[in-house]
Amino acid sequence: MSGDEIPAALVKRLRAASGLSEQEIMAIHALPILVREYGAERAVVSEGQRAVECCLIVRGFCARSKTTSEGRRQILSIHIPGEIPDLMSLHLHVMDHDLRTLTPCTLGFVHHEALRLLYRRQPNLADLFWRDTLIDAAMFREWIVNVGQRPAPARLAHVMVELRERLKLIGRVEGSSFEMPLTQEQVGEALGITAVHANRVIKQLRQDGIVDLHRGRVDVLDETRLLELAGFDGRYLHQSPAL
Amino acid sequence: MPRFHFDIQENGRLIADDEGREFAGGEEVRKEAVATGASIARDAFMAGSACRIVVDVREENAPFLKVSITLDVEEPAKA
């Protein structure tokens, strides 16, 4: 993988969502990034750990999660290439949740010092990354509404549509199909329901001809009914510099 | 590990679980069945789509346990 390919999805995403100048793109390309390969379902950084670097997803999917003292895991967010799920560790030094891979991943690690230097040289990029963490927080607000208020089928539909809108930004949606590499167990952990209930919801959406989640891929069968079920309003994703 | 199937009935309409899942022991199966019934019942009762949920668990084809949850709302007769 060449140097330019490592931050390619990040540049694509930031350019679309927030706008980037040529100089800022060059500065991102000049960041020292250490690339490491991870297997599926591996810890990247865990709760209680002191982080000294941030992790850019180059390839694959990750999830952030937190586990209760009874051992019940709640998935908090799903992350895709071009995202830096632990960007807040630059300011919040000890991790308050886990970051794990869902699939085999190529991850790029940027040392905190390198990011601080980038921020000093390119204050506009510091603003841009700040905006990125604010969008991250907006997504968490939506996740809380989803898990707390929507019935399970609508909850799954909402997670699917959001993931698709984010994948679109990095050019990873083919027609009506996109990746969502979660097991039934993980769907349950994301929606706050049991794996058996998750299995039933997935089946029901397939039987109703709305959407088919199969082997880590989503096929949208009926776009109108999917959007209606999800009650999706993408404003909270702020996917343009004007929003 | 033994394989368990969770067939779910909403107001008598059956959705059979052909794949099943593996569980280490009976206690885990009981917990999964109760939690599944409770969360399906919550959705169904709130939406008014069903008032009785049954989670019927089989170990292969032998009955293993059955969880039934019924919504029962009583209102005093209005004068």
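Each value in this text was obtained by applying a stated rule to the coordinates, not by laboratory testing. Source: prediction; values computed, not measured. FYI the Cβ positions are ideal-geometry reconstructions off the backbone, even for glycines, and counts take in every protein chain you see.
So the values come out like this:
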{"read-out": "Listed residue (B:Gly26, B:His5, B:Ala44) projecting farthest to the positive dipole end of chain B, Cβ model", "value": "B:Ala44"}
{"read-out": "Gyration tensor (alpha-carbon) shape descriptor, segment A:147-237, a/c threshold 1.5", "value": "rounded"}
{"read-out": "For B:Cys51, residues with placed amide H under 5 Å, excluding near neighbours", "value": "B:Asn11"}
{"read-out": "Volume per residue that the Cα convex hull of segment A:1-144 spans, once the total is divided by residue count, Å³", "value": "103 Å³"}
{"read-out": "Per-residue Cβ neighbour rank within 10 angstrom, fewest leading, B:Ser68, A:Ser69", "value": "A:Ser69, B:Ser68"}
{"read-out": "Within segment A:147-237: Cβ-based charge dipole about Cα centre, in debye rounded to nearest 20 (Lys, Arg +1; Asp, Glu -1)", "value": "120 debye"}
{"read-out": "Sum of -39500 (n - 2.57) over DSSP H runs of 4+, divided by residues of the protein assembly as shown (222 nm, nearest 500)", "value": "-12500 deg cm²/dmol"}
{"read-out": "Computed magnitude of the charge dipole of segment A:38-104 (debye, nearest 20; Cβ of K, R +1, Cβ of D, E -1)", "value": "140 debye"}
{"read-out": "For residues of A:198-206, the mean tally of beta carbons on other chains within 10 Å", "value": "3"}
{"read-out": "For chain B, the fraction of alpha-carbon pairs in successive 10 Å shells from zero, as %", "value": "19, 46, 23, 8, 3, 1"}
{"read-out": "Estimated dipole of chain B in Debye, rounded to 20 [Cβ of Lys and Arg +1, of Asp and Glu -1, Cα centre]", "value": "220 debye"}
{"read-out": "Rg ratio (alpha-carbon, reference 2.2 N^0.38 Å) - the protein assembly as shown", "value": "1.12"}
